[in-house]
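Encoded as structure tokens, the structure appears first; notes follow it.
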Amino acid sequence: MPDNTWDHTFRRIITSHHESDTDGSKVQIYDDTLPMRSVLDGDAHMTPLFASLDVPTKSAHYITPSGIKDAMALAPSVVTPNGTNGQVTDLAPGAKVGMHRTNSIDYNVILKGSVWLITPSGDGKEERVKVHAGEVVVQRGTIHAWEATEEGARWCTVIVSALPVEAGGKALEEVDF
């Protein structure tokens, strides 16, 4: 499916307890639609979903629009230091996100289309694994890239801050795309 036919918005539903809740039985629902911001010269669109400052985190008793905005502002980039972050990414057909590494464990759930997971093989070459809608990639601090297939891809990622991976007795540095 060509990228220009995709709707670059994402519906987000957040549940919490209502501020008048005294026994845990009154759930409040916050339901909105987020516009996805254009990155990589329009070849990708992303939106943060929610973030927390610590692991384990405290669930807020109730939610407000300003509280949700504040939670989203906690994610200064891909990784929220010492916390979690959720985001959605759309990648146009054939578009590529360059090699990068973060100090995190990332749960990437492919929602639509398919994408190539690209990793170095250690001999100057790369390994490519095609990942389809309904499949999951768990990144554990490894350097990797993404390249959308001819149909493009949408995935949701939950990012959990982690200590840097150590190799040969030294911490591996983060690499930005």
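The values are calculated or read from the model by the stated rules, or taken from the named source; none is laboratory data. Small disclaimer: the values here were computed from a predicted structure and weren't measured. Protein only, heavy atoms only, side chains kept; ligands, DNA and RNA dropped before computing areas. Shrake-Rupley method; radii C 1.70, N 1.55, O 1.52, S 1.80 Å.
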Helix-derived mean residue ellipticity, 222 nm - over the chain, DSSP H n ≥ 4, -39500 (n - 2.57), to 500: -1500 deg cm²/dmol
Ranked order, Arg140, Arg154, Arg128 - accessible area, probe 1.4 Å, largest first: Arg140, Arg128, Arg154
Residues of type aspartates and glutamates that Lys96 reaches as a straight line, Cα spacing below 17 Å, ignoring anything fewer than 8 places off in the same chain: Asp3, Asp41, Asp43, Glu126, Glu127, Glu147, Glu150, Glu151, Asp176
Two-decimal Rg to Rh for the chain - Kirkwood Rh, Cα set: 1.01
Residue-level accessible surface for Asp21, protein heavy atoms, 1.4 Å, Å²: 10
Value of relative contact order over the range 93-177, rounded to a whole percent, pairs C-alpha under 8 Å and six or more apart: 45
Ser25 accessible area, 1.4 Å probe, all protein chains in place, Å² to nearest 10: 90
Residues whose placed amide H lies under 5 Å from that of Thr149, excluding near-sequence neighbours: Gly94, Ser114, Val115, Trp116
Accessible-area order (highest first, 1.4 angstrom probe) of the listed residues Glu19, Glu127: Glu19, Glu127
Whole-angstrom Cα spans of the range 107-158 along principal axes, big to small: 32, 25, 12
Accessible area in square angstrom per residue, the chain, 1.4 angstrom probe: 57
Heavy atoms of Leu117: accessible area, 1.4 Å probe, square angstrom to 10: 20
Long-range amide H partners of Ala133 with built H, under 5 Å: Gly113
Relative contact order for the range 18-130, counting Cα pairs under 8 Å that sit 6 or more residues apart, in percent: 23
Shape parameters for the range 8-69, alpha-carbon atoms, Rg then Dmax in Å: 14.8, 49
